[in-house]
Amino acid sequence: MEQLQDSLGRRIQYLRISVVDACNLRCVYCMPSNRLVFTKFSKLMSPSEIGTITEAAAEVGTRTVRITGGEPLTRPDIEDVIARVSAVPQVEDIPISTNGIYLMEKADAIASAGITRANVSIDSLKPEVFREVTRGGDISRVIAGIDAAASAGIWPIKINTVLMKGVNSDELVQLARYSLERGYSIRFIEMMPLKSNVDFQPQLFFPAMRARSILEKEFRLTPGEGGIGSGPAVNYDVDGYEGRIGFITPLSGNFCSRCNRVRITSDGRLRMCLFGDDMVDLVGMLRNGGGRAELIEKLRESILFKPERHYLEVGKTSSETLYAMSQIGG
Ligand code: SAM
Ligand code: SF4
């Protein structure tokens with residue numbers, strides 16, 4: 001079986017597909033409140049195009065395909081998209097990243113279509129703070145949606161929290177307790193500078209080390225087995241709980257050397273690095289008559305140009321094209 005490797009020997013087994021760039025929220029760190037033009041539904045990759053791209057990636061070693069966005073559950077044909085990915089025999093794991101707002105309605109359908117596990121974003125449990133950060137979201141829907149996902153067999157569940165000084169930095173223990181008491185894991189993510197947030201990112205930036213020392217006063221944390229896995233999080237076991245606490249440190253602790261992923265944007269372009277601007281139009285190839293074999297060749301060729309690392313700093317982004325994280329799916 002072929003395993004795609006980049007020029008630094010990193011094995012690429014993980015594909016993140018942004019199935020839509022639109023979202024029903026406008027989180028302050030991810031999107032501006034206005035000036036965003038979303039891809040028209042007719043220009044998004046169709047379920048069948050997503051299926052063909054997944055088949056090609058699976059031929060060269062992809063085993064995990066994450067469905068992300070924008071908000072994937074705003075796509076009316078999301079079950080069809082998931083079913084096409086799930087139909088690819090080599091794909092073993094299909095997690096979804098969602099803000100959870102539509103999970104109550106969609107949990108059963110996406111579980112039946114093939115979703116295995118979910119990451120749900122919660123930055124605050126306080127209704128008014130949640131509404132402010134997301135510019136309008138209702139936390140009670142998210143909580144009910146996560147319960148529905150767990151009942152539908154979507155498991156494990158991970159909560160993603162973007163650390164923000166003075167916004168949720170006083171709530172870290174409560175967020176961890178909410179997650180751990182229900183058997184979920186939680187990951188605290190350092191806020192990354194993008195073109196849309198670079199003006200205020202330095203004021204909000206809260207380093208993961210500080211979050212860890214706050215949490216260590218409440219929980220006994222031990223570096224978990226596989227604590228530093230192939231993914232970006234550094235995970236800790238927590239005494240008395242099954243779920244773990246993880247930290248994702250794009251600024252304070254670069255993890256590019258263990259990167260195992262590539263991304264596809266909602267308009268079908270392969271992006272080798274979240275903060276690398278080079279993209280390859282895979283869906284354009286398909287629409288011009290290309291097939292699976294051409295896609296595989298393009299994947300092999302493109303992966304050699306995966307950048308070694310990003311060069312983010314507090315208040316300094318390293319991509320000219322990444323305006324909102326929703327364009328690419330995080
Ligand atoms: N809408 C879904 C959600 O919110 O989970 C999926 C897409 S969202 C772009 C994926 C992840 O990116 C979320 O966990 C979100 O918190 C994270 N994210 C967005 N902008 C970010 C930023 N500037 N820094 C760090 N994480 C960010
Ligand atoms: Fe939407 Fe997710 Fe971005 Fe929030 S983080 S605006 S929910 S895509």
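The values are calculated or read from the model by the stated rules, or taken from the named source; none is laboratory data. Please read these numbers as outputs of a predicted model, since none were measured by experiment. Cβ atoms come from the backbone with ideal geometry, glycine included; neighbour counts cover every protein chain shown. Keep in mind that these areas ignore ligands, DNA and RNA; they rest on the heavy atoms of the full protein, side chains included. Shrake-Rupley method; radii C 1.70, N 1.55, O 1.52, S 1.80 Å.
List of remarks:
- Over region 219-330: Rg over Rh, Cα atoms, Kirkwood Rh: 1.07
- Taking each DSSP H run with n ≥ 4 as -39500 (n - 2.57) and averaging over every residue of the chain yields -8500 deg cm²/dmol at 222 nm.
- Applied to region 296-311, the Karplus parametrisation 6.51 cos²θ - 1.76 cosθ + 1.60 on θ = phi - 60° returns per-residue 3J(HN,Hα) values of 4, 4, 5, 5, 4, 5, 5, 5, 5, 9, 5, x, 5, 6, 9, 10 Hz, with x for Gly and Pro.
- Relative contact order for the chain, counting Cα pairs under 8 Å that sit 6 or more residues apart, in percent: 23 percent
- Nearest 10 degrees, 0 to 90: helix 172-181 Cα axis against the chain principal axis: 70 degrees
- Prolate/oblate/rounded label for region 1-102 (Cα gyration tensor, a/c 1.5): prolate
- Note on region 14-327: antiparallel DSSP beta bridges, both residues inside, total approximately 35 percent of the bridges counted.
- Percent of beta bridges antiparallel (DSSP, region 1-102, rounded to nearest 5): 10 percent
- For D170 and R131, the difference between the fully extended length at 0.36 nm per residue and the C-alpha to C-alpha distance is 12.4 nm.
- Over all distinct Cα-Cα pairs of the chain, the Kirkwood formula returns a hydrodynamic radius of 20.0 Å.
- Judged by a Cβ-Cβ distance under 4.7 Å, the unpaired cysteines of the chain are C23, C256, C259, C273.
- A 1.4 Å probe run over region 128-281, with the rest of the protein chains in place, finds 42 Å² accessible per residue.
- Separation between Cα centres of region 204-273 and region 105-163, rounded to whole Å: 19 Å
- Using alpha-carbon coordinates, inclination of helix 103-113 to the longest axis of the chain, degrees: 40 degrees
- Using a cutoff of 8 angstrom between alpha carbon atoms and counting only pairs six or more residues apart, the relative contact order for region 184-330 works out to 29 percent.
- Computed accessible area, E171, all protein chains, 1.4 angstrom probe, square angstrom: 10 Å²
- Computed with a 1.4 Å probe on the full set of protein chains, the accessible area for M279 sits at about 60 Å².
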